[in-house]
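Here the structure is laid out as C-alpha cells; the discussion comes afterwards.
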Amino acid sequence: MSPTPDPPESKPKSAEPTDPSLSGALGQDTEGNLPHRGMRTDRGRLARWFTIRDEPGGLERFLFGIACILLVLLIWHILTRGEGEARIVDPYTLPSLKKAFGSFHELWFDRALMRGAIASLTRVLAGFLLAAAIAIPIGVIAGCFPRFHAFLRPLSIFGRNTPIAALIPLTLIWFGLGEVQKVMFIFLAAVAFIFFDTTMSVRSVPGNYLDTAYTLGARSSWKNGLRRALYFGLAYALLAAFGLHWLSEAPQTIIAEAVDGKVPEQPSFLTQGAFWIHALLGLLVGTLLWLPVQSHQAISKVLFPLALPNIVNSLRLLFGLAFGYIMLAEVINAEFGLGKIIIMSQRIGPREHIYLCLMVIALIAFAIDRLILIIQRRAFPYVSHGH
Amino acid sequence: MATDPTTPPVVEFRSVTKTYAAGTRRAFTAIKEVSFRVDDIPGHGEFVSILGPSGCGKSTILRLIAGLLPQHPPTSGEVLMRGKPVTHPGPDRGMVFQDYSSFTNRSVLDNVAFGLECDGMPKMERYDLARDWIGRVGLDPVKDLHKYPHELSGGMRQRVAIARTLILKPRIILMDEPFGALDPVTRQQMQDLLVGLWRELEATVFFVTHDVSEAVYLGDRVLILSNSPGTILTEEAVPPPNRPSREMRREPDFVNRVFEISSLLEKLEEAAQHS
Ligand SMILES: Nc1ncnc2c1ncn2[C@@H]1O[C@H](COP(=O)(O)OP(=O)(O)OP(=O)(O)O)[C@@H](O)[C@H]1O
Ligand SMILES: [Mg+2]
C-alpha cells in the first residue's frame, strides 16, 4: 500500500490518465516530447508560445505588447503607492501614476506640448532630409565606384566616430543659436551614417545582377542621364527654396503666435532674392549629384533600385536615432521644442512632465516608424519586411 | 558543314590564358593556351556544348566571350568576335546564368522587357513583345505577367531568363549550366524548348553543362576541357538535336556516344584527384 501513485513507467501507456489541457499548458505533448515546427496543428495555444519561431498573428502580437505596457505601469504603481514612509520610492524620484498623468492637461495647454513636438519634429525632418538628399546619391556613387569610396572613406570614418555631444558646441560656434544650428546638428549627426549605409546597401547587391544587366545591354550615356538628373534637380530646387524659406520664417511665426497670437506680415517670397538663389543652388546640386547615377543604366535601373529597400530601411532606423538626438540640442539651447519642455520641467517643474514627454517622444517615434514601414510595404512588395 | 573562309569566325580564341590575381602570391591560372574557332553556319548557327571537370575553366571561357569582369581581359592571347577583339559586354552576346538572376524588384513582364527598356523602346511596344516572348517560353502570358521572381519556381525563373535574353535576338547565346538546378523532367522540357527557340534564332550557342547526355543531345559539337588549368582536350561532332529529347535518348548511337564521353570525363576527374 503506497499512498503515492505508481511511477508512470509501471503503467501501460494507454491506461495513463492524461489531462490534455495540462500537458498543453506545459508545452509538451502527451508523451512528454517538446513541440517543434511542423507538429503544431494539434497543439494548444500555450504550446505554441514555446515553439521556436512560431509567428503569432497581428492581434496576438499587439496583445503581448499591451501586456508589457500594463506590466510596466503596474510596477510603477506598486513602487509609488501610498504616502510618506509607506512608499517604496519617494515622490521626488518618481511621481505616482496618478500625478504624472494628471499633469497632462497642464503640459498640453500651459507648456504647449503640441507646438513643441511639431517644432522638434520639423528640425529633425529638415536636417535629416538634407542629410539624405546629399548622402544618398553620393553613397550610391561610392557603392558603385570603389575608388571613389576609398577616397571618401576617411571622411566617412571620421563622421561616424565623432561623438554626437561634441557636435553641439561646434555647431553653436559655426551656426549660432538659431534654428539653423539645430538643423545642421542633425545633418552632421546623420549624414555620415546615411552615406555609409547607402554605400553598403549598393555594394551588397549581388554581382550577377550587374553581369545580367550588361549582357542585356545596359548602357551609359551622359546625355540621357542629364535629362533624368534634371528631374532630381528640380525636386531639389523646390525643396531648397521652400524649405529654406520656411525655415527662416517658421520660428518667428511660432514665437509671435506664442507671444501675442498675431502673425507678422511677411513680404511675398517670390520677390525675395534669396528664394531664387536657393532654388538655383538646389537645381545645380541635385542635378550634379544624380548625374552619375542616372547616366549609367546599370546603376539607375539595377543597382540603385535593388539597394533601395535596404536604404529606406536604414533611413527608418536612423530617423529614430536622429529624433532622439534633437533632444540633446534642445536641452542645451532652444526657445521651444520637446527638449526645452523637458529641461524646463527639470528646472522649474513640474517634474511629472519629464515622464510624459518621454512617453510622447516614444509614441511619435513609433508612429513615424510605422508610417515608413507601411510605405515600405507598399513600395517594395517583393521584399519581406519585419513587424 | 561548309563554311565560307572569307568571313571571320563568330568566336575565336587564340591561345587564351587567364590567370586570376596575376602577379600576386594567390595567382591562379584557370585556363591555359585555349584555342578554338566557331564558324557561323549561315541559316543555322552552331550549338557548342562545353564539358569538363569541375573548376576547369568553363565559366571562365564563357565570361571571356561575354566580356565580363573579372575574367575580361584575358591575361594573354586574344578573344575575337567576328574578327574583332571583345572589349566590353553587350546585348549581342546574351547570357543565361545558373543561379537565378531575375531582377527581384521587377515583375516578369519588366524582367523580360529589361533589354528593350535599356535600348529605349517605348513602353507599349516593348510590353507587346515581352508578352509574346513570355508565351513562347511556356509561361502564362496573363497570370504570370505581374508576378515577382520570388513567386516563381526555379524552372519558371529560368524561362524568364531565357525569354529576356532571346527577346534581344542575340547572335551569340552563352548559357552557363542554365538547367543545373532543375529536376530531370523540367530539365528535358527546357531542353526541347531551347532547341525550338534556337532553330528560329539561328544563333551560335555556347552551352556549359555537367550533364553529358544534355551536352550530346543539344550540341552540334562538344568541346571537352582538361583539368585545370583548362585546355581544349578534344572536340567531337555529335548528331544535331533533330528529334525530341525523349526519342533521341533511347537510340543506341546516342547511348554509346554518351558513354564514351562520360568515361573520358571520369578518367579526367580521376587524374585530377591523383595529381
Ligand atoms: N574570380 C576568381 N578569382 C580567382 N579564381 C577564380 C575566379 N573565378 C574562378 N576562379 C578559379 O578558376 C578556376 C576555373 O573557374 P571556373 O568558374 O571557370 O570553373 P568551371 O569550369 O566553370 O567550374 P564549375 O563546373 O564548377 O562551374 C577554378 O579553379 C576557380 O577556383
Ligand atoms: Mg562554372
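The values are calculated or read from the model by the stated rules, or taken from the named source; none is laboratory data. Model, not experiment: these values are computed from the prediction. For neighbour counting, all protein chains shown are included, and Cβ atoms are generated from backbone atoms with ideal geometry for every residue, glycine included. Protein only, heavy atoms only, side chains kept; ligands, DNA and RNA dropped before computing areas. Shrake-Rupley method; radii C 1.70, N 1.55, O 1.52, S 1.80 Å.
Side notes on the structure shown:
- Residue in region A:248-260 that is modelled with pLDDT under 85, crowded, with 19+ Cβ neighbours inside 10 Å and not in a helix (DSSP H, G or I) present: no
- Only one of the numbered conditions (1) within 12 Å of ligand 2 (Cβ to nearest atom); (2) closer than 20 Å to B:Lys169 by Cβ; (3) of a type in the set (D, E, K, R) is not met by B:Arg63, and that is (2).
- Filtered residue count, region B:61-88, keeping only those that are under 21 Å from B:Ala21 (Cα atoms) and either within 14 Å of chain A (Cβ to nearest Cβ) or in contact with a His (Cβ under 6 Å, 6 or more places away or on another chain) (or both): 14
- Within region B:188-212, being within 16 Å of ligand 2 (Cβ to nearest atom) and within 17 Å of B:Glu46 (Cα to Cα) holds for B:Phe206, B:Phe207, B:Val208, B:Thr209.
- Taking region B:107-122 as the range and being surrounded by fewer than 22 Cβ atoms within 10 Å (Cβ to Cβ) and under 18 Å from A:Ser220 (Cα atoms) as the test, the residues that pass are B:Glu117, B:Cys118, B:Asp119, B:Gly120, B:Met121.
- Residues considered: B:Pro70, B:Pro85. Of these, the only one that is more than 29 Å from B:Leu264 (Cβ to Cβ) and more than 16 Å from ligand 1 (Cβ to nearest atom) is B:Pro85.
- Matching residues, region B:10-27, being more than 16 Å from ligand 2 (Cβ to nearest atom), on the phi < 0 side of the Ramachandran plot and touching a residue at least 40 places away in the same chain (Cβ under 8 Å): B:Val10, B:Val11, B:Glu12, B:Phe13, B:Arg14, B:Val16, B:Thr17, B:Thr19, B:Ala22
- Residues within region B:213-239 that are away from ligand 2 (no atom under 16 Å from the Cβ) and either crowded, with 24+ Cβ neighbours inside 10 Å or assigned to a helix (DSSP H, G or I) (or both), tallied: 5
- Hits in region A:74-94 - residues which are over 16 Å from A:Ile354 (Cα atoms), in a helix (DSSP H, G or I) and open to solvent by less than 100 Å² (accessible area, probe 1.4 Å): A:Leu74, A:Ile75, A:His77, A:Ile78, A:Leu79, A:Gly84, A:Ala86
Listed here are the residues, each with its yes/no results for (1) more than 30 Å from B:Tyr100 (Cα to Cα); (2) of a type in the set (A, V, I, L, M); (3) in a helix (DSSP H, G or I); (4) open to solvent by 60 Å² or more (accessible area, probe 1.4 Å).
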position: A:Ile168; (1), (2), (3), (4): yes, yes, yes, no
position: A:Thr171; (1), (2), (3), (4): yes, no, yes, no
position: A:Val180; (1), (2), (3), (4): yes, yes, yes, yes
position: A:Met184; (1), (2), (3), (4): yes, yes, yes, no
position: A:Phe193; (1), (2), (3), (4): yes, no, yes, yes
position: A:Thr198; (1), (2), (3), (4): no, no, yes, no
position: A:Ser201; (1), (2), (3), (4): no, no, yes, no
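- Of the strands (runs of 3 or more DSSP E) contained entirely in region B:1-106, those carrying at least 2 residues that are polar (S, T, N, Q), surrounded by fewer than 22 Cβ atoms within 10 Å (Cβ to Cβ) and over 17 Å from the mean Cα position of the chain (by Cα) fall at B:11-20, B:28-38.
- Being more than 14 Å from chain A (Cβ to nearest Cβ), open to solvent by 10 Å² or more (accessible area, probe 1.4 Å) and in a strand (DSSP E or B) is a property that does not hold for B:Glu125.
- Residues that are within 15 Å of the chain's Cα centre (by Cα), of a type outside the set (Lys, Arg), away from chain A (no Cβ under 12 Å) and more than 16 Å from ligand 1 (Cβ to nearest atom), drawn from region B:130-188: B:Gln158, B:Ile162
- Residues that are in contact (Cβ under 8 Å) with a residue 24 or more places away in the chain and either over 21 Å from the mean Cα position of the chain (by Cα) or not assigned by TED's automatic domain parsing to the domain that holds A:Phe336 (or both), drawn from region A:172-182: A:Leu172, A:Leu177, A:Gly178, A:Glu179, A:Val180, A:Gln181
- Taking each residue of region B:42-60 that is within 14 Å of chain A (Cβ to nearest Cβ) and looking for partners that are more than 10 Å from ligand 2 (Cβ to nearest atom) with beta-carbon atoms closer than 6 Å, six or more apart or interchain, yields B:Thr60/B:Lys18; B:Thr60/B:Ala30; B:Thr60/B:Ile31; B:Thr60/B:Gln71.
- Any hit, region B:255-267, residues being exposed (fewer than 12 other Cβ atoms within 10 Å of the Cβ), more than 19 Å from the chain's Cα centre (by Cα), at pLDDT 75 or above and among the small types (Gly, Ala, Ser): yes
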